[in-house]
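Asks: Got a structure for you, questions after.
Just so it is clear, none of the values below were taken in a lab; they were calculated from the coordinates. Since we're looking at a predicted model, the values are computed, not measured. Positions of Cβ are backbone-derived with ideal geometry, glycine not excepted, and every protein chain shown enters the neighbour counts.
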């Protein structure tokens, strides 16, 4: 059945092609007497093709053929993706880009629902929460969908969605926070290095690897971990409507999708097709059309993003929110 939108898009594309073709003939065939007919026709064809592309983009904008936006969170979650435009190593998920995509989908009048695809072992605390907040304020149904891994910061994000779906073999959970530091004081002694302190504030250099950790510094750093963990538990408890003690009792374990579903950590088990059927029911339509929203980047940045094809290791994500002290936190 042909819809009004289909007719509108076809009309815009056809009109645009005719107008640009006419402009091309006028500019390169009729008007300049010094150009040969052959080159004039070639230029006219090029202009017509460019015009067809432009008209197609205009038609898609005026008559969008989608009603669900999909935003993907893949890889370790960081603030800026963890690298330059052409990284040598796998990049993480730039949280600011993900937030921009969700907000753009929310502002798009054609989008009625959000599908947040999660395949991440976690990552930095605050960027994860930024994505969760963006999903939470989306005006419409939101479904988080775990593909391979939805752990730690990924689960933090999922707590901002209406539902979490997963596959039987998806890895889900790891509701916890970890901090780490390298103790290189003995190695420094062996190679003749010493640490001389110049700092204002008793705990300014807590976690510095070239000195042993004092008991009060260890207690201070552990307190930071505990505070982040309390926040994590609170976010999951409120967003997923779970008892906080139950969340703590998971002890940051990971579960396969089937076990996570039995425990209530996952709402439904299903494939992508089944999720689309569920969204169609919610939107009261025969079927949904999903548009993948991607970050708006310059050409070189888009080329660099293509380098993120190397698989990342299983486990918790990176999070160096206190990297200047060589003390790392991660969810």
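Asks: Which of 203, 229, 255 comes first, and how do the rest follow, when ranked by fewest Cβ neighbours within 10 Å?
Replies: Details: 203 13, 229 17, 255 20.
Ascending Cβ contact count within 10 Å gives the list 203, 229, 255.
Asks: Answer rounded, prolate or oblate for the stretch 153-293, using the Cα gyration tensor with square roots of eigenvalues a ≥ b ≥ c: rounded when a/c is under 1.5, else prolate when a/b is larger than b/c, else oblate.
Replies: Numbers: a/c = 3.08, a/b = 2.71, b/c = 1.14.
In terms of gyration-tensor shape, prolate.
Asks: Taking square-rooted eigenvalues a ≥ b ≥ c of the alpha carbon gyration tensor, is the stretch 126-173 rounded, prolate or oblate, where a/c under 1.5 means rounded and, failing that, a/b exceeding b/c means prolate? Display every interim value, and only then the final one.
Replies: Working: a/c = 3.29, a/b = 1.40, b/c = 2.35.
Oblate.
Asks: Would any residue of the stretch 155-188 have its amide N under 16 Å from a label point 7 Å out along Cα→Cβ of residue 253? List them or say none.
Replies: Answer for the stretch 155-188: 171-176.
Asks: Given 0.36 nm per residue, what is the gain on full extension from residue 80 to residue 285 after removing their alpha carbon distance, in nm? All intermediate terms of the calculation are to be shown ahead of the outcome.
Replies: Details: separation 205, 0.36 × 205 = 73.80 nm, distance 3.76 nm.
Separation in residues times 0.36 nm, less the Cα-Cα distance, equals 70.0 nm.
Asks: Right, here's the next one. Tell me the relative contact order for the stretch 161-279 as a rounded percent, counting alpha carbon contacts under 8 Å between residues six or more apart.
Replies: Details: 113 pairs, mean separation 58.3, N = 119.
Here the relative contact order equals 49 percent.
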